[in-house]
Amino acid sequence: MDEKELLINPVVNENVIHNQKSVTDIRSLTSSVLGVAAGILGLESLTGFAFYLAGSFFVSVLMLFLLAGGQPKSFFRGSTEIWTHEVFGTTSLSSYVLTWTLFYNLVRA
């Protein structure tokens with residue numbers, strides 16, 4: 001970003017960090033909900049991970065339009081950050097796999 005663009009559209013680091021934390025919280029919650037759904041549906045192997053990717057894409061679309069108003073550059077450093085932040089992070093993916101296997105075994109037991 002050049003100096004003129006920062007004067008027109010300033011980005012404050014504290015706000016960006018807060019927005020990233022909000023995305024992380026949303027992803028953690030929805031990954032657990034997606035894991036419960038995948039376990040109850042009895043998804044296995046690649047179909048379970050495809051379900052996670054499709055659900056993460058859907059959540060990203062919702063965040064893009066509902067939270068960021070279709071303009072992620074106003075709230076994040078880059079426009080791809082809302083799509084990629086914490087999709088394969090330690091908390092989101094592990095929460096998904098944990099709840100997926102838990103509910104799969106609870107339903108199938």
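The values are calculated or read from the model by the stated rules, or taken from the named source; none is laboratory data. Every value quoted in this text rests on a predicted model; they were computed, and no experiment measured them. Counting neighbours? That spans all protein chains shown, and the Cβs are built from the backbone with ideal geometry, glycine included.
Evaluating Ser94 against the criteria (1) surrounded by fewer than 15 Cβ atoms within 10 Å (Cβ to Cβ); (2) under 16 Å from Gln20 (Cα atoms); (3) at pLDDT 85 or above leaves one unmet condition, (2). Scanning the range 29-79 for residues that are among the hydroxyl-bearing types (Ser, Thr, Tyr), within 15 Å of the chain's Cα centre (by Cα) and either buried (at least 18 other Cβ atoms within 10 Å of the Cβ) or part of a helix (DSSP H, G or I) (or both) yields Thr30, Ser31, Ser32, Tyr52, Ser56, Ser60.
Cβ-Cβ contacts under 6 Å between residues 6 or more apart (or on different chains), taken from a first residue in the range 21-32 that is in contact (Cβ under 8 Å) with a residue 40 or more places away in the chain to a second residue that is among the polar types (S, T, N, Q), are listed as Arg27/Ser92; Ser28/Thr91; Ser28/Ser92; Ser28/Ser95; Ser31/Ser92; Ser31/Ser95; Ser32/Ser95; Ser32/Thr99.
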